[in-house]
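In what follows, a single structure is set out as structure tokens and then discussed.
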Amino acid sequence: MLGSCFADNIGERLTDAGFDCMVNPFGALYNPQSIYDALIDRSPAFYEWTQKSYPKDDIDAVIKQADTYILTFGTAWVYVLNQTGKVVANCKKQPEQLFSRKRLTTEEIVKLFVHFIEKEIVPARKNVLFTVSPIRHKKDGLHENQLSKSILLLAADTLCNAYPECCHYFPSYEILIDELRDYRFYADDMLHPSQIAINYIWEQFQQTFFDKKTIDFIEQFESLNRILKHQPVDATNEKYVQLVAQTKEKINQLQHAIQN
């Protein structure tokens with residue numbers, strides 16, 4: 001999973017549900033160019049402007065082995081390092097005069113990801129799931145934010161129409177903006193989704209992509225996770241010892257269910 005901090009929200013839920021995920025190993029990536037660079041062009045210059053430094057060999061292995069890529073576009077606006085002419089993933093609070101700001105076009109985004117899809121997705125019969133982050137980039141101005149989101153939506157739609165067998169779209173943006181709407185579904189900053197909204201979007205995500213067997217597994221897995229995270233006051237207490245035995249049995253049953 002790569003993209004804006006919304007990718008972190010859903011990525012955390014997938015991980016907690018038992019899925020084998022790598023979530024934003026470079027930190028949040030807000031624009032499509034940086035997401036593309038993370039997938040295709042992990043050069044030293046790219047690493048220099050990321051929030052996290054993850055071992056390149058490990059990243060290469062995960063990207064090669066992954067069967068599904070969930071990519072969350074946050075904004076069409078990018079910052080170009082004047083010295084190199086390259087888009088940076090994160091400005092790292094460096095002086096503003098080091099960068100030039102520009103907005104990607106729909107055509108530029110589509111061209112990037114056609115290359116990625118043709119090179120990595122189609123030959124290996126993998127899948128890409130595009131989402132557009134519902135988080136408003138208020139610093140761009142509300143009108144500019146809407147224009148930016150429109151570009152991202154059009155780019156995702158173009159790619160999904162061009163590659164319907166492997167490219168898919170999940171309407172996280174539309175769910176929050178059009179379905180939930182009310183500001184009670186936003187965090188205190190009125191920009192990010194609240195935990196209630198994230199839970200709702202996660203439920204819709206499950207209903208869209210998972211069958212009943214998978215959803216039942218997730219419920220059992222999450223229940224076990226809550227038990228495993230519990231810190232007992234007295235580990236020798238008879239009831240706690242019984243709980244441990246019951247939990248081990250549930251884990252064995254779940255492992256057997258997965259294998260079958």
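The figures follow:
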| quantity | calculated |
| --- | --- |
| Residue in segment 1-39 that is farthest from residue 84 (Cα to Cα), counting only those that are touching a residue at least 40 places away in the same chain (Cβ under 8 Å) and of a type in the set (Ser, Thr, Tyr) | 4 |
| Flag if residue 205 is in contact (Cβ under 8 Å) with a residue 12 or more places away in the chain, part of a helix (DSSP H, G or I) and in contact with a Gly (Cβ under 8 Å, 6 or more places away or on another chain) | no |
| Cβ-Cβ under 7 Å pairs, at least 6 apart or on other chains, segment 40-61 side of a type outside the set (D, E, K, R), far side surrounded by fewer than 13 Cβ atoms within 10 Å (Cβ to Cβ) and assigned to a loop (DSSP other than H, G, I, E, B) | 45/84; 47/53; 49/92 |
| Number of the condition not met by residue 189 [criteria: (1) at pLDDT 95 or above; (2) part of a loop (DSSP other than H, G, I, E, B); (3) of a type in the set (Asp, Glu)] | (1) |
| Residues of segment 18-50 satisfying the condition of being closer than 26 Å to residue 214 by Cα and more than 15 Å from the chain's Cα centre (by Cα) | 18 |
| Segment 224-240, subset part of a helix (DSSP H, G or I) and either among the charged types (D, E, K, R) or exposed (fewer than 12 other Cβ atoms within 10 Å of the Cβ) (or both), residue modelled with the lowest pLDDT | 228 |
| Qualifying residues in segment 1-39 (those that are among the hydrophobic types (A, V, I, L, M, F, W, C) and assigned to a helix (DSSP H, G or I)) - the one surrounded by the fewest Cβ atoms within 10 Å (Cβ to Cβ) | 5 |
| Some residue of segment 73-86 being touching a residue at least 24 places away in the same chain (Cβ under 8 Å), within 28 Å of residue 14 (Cβ to Cβ) and of a type in the set (Ser, Thr, Tyr) | yes |
| Strands (runs of 3 or more DSSP E) completely within segment 85-178 that count 2 or more residues being out of contact with any Cys (no Cβ under 6 Å at 6 or more places or on another chain) | 86-88, 99-103, 127-132 |
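So that you can scan it fast, the table gives a plain yes or no per residue for (1) under 18 Å from the mean Cα position of the chain (by Cα); (2) crowded, with 20+ Cβ neighbours inside 10 Å:
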site	(1), (2)
114	no, no
127	yes, no
134	yes, yes
139	no, no
160	yes, no
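The values are calculated or read from the model by the stated rules, or taken from the named source; none is laboratory data. The structure displayed is predicted, hence computed values, not measured ones. We place every Cβ from the backbone using ideal geometry, glycine too, and count neighbours over all the protein chains shown.
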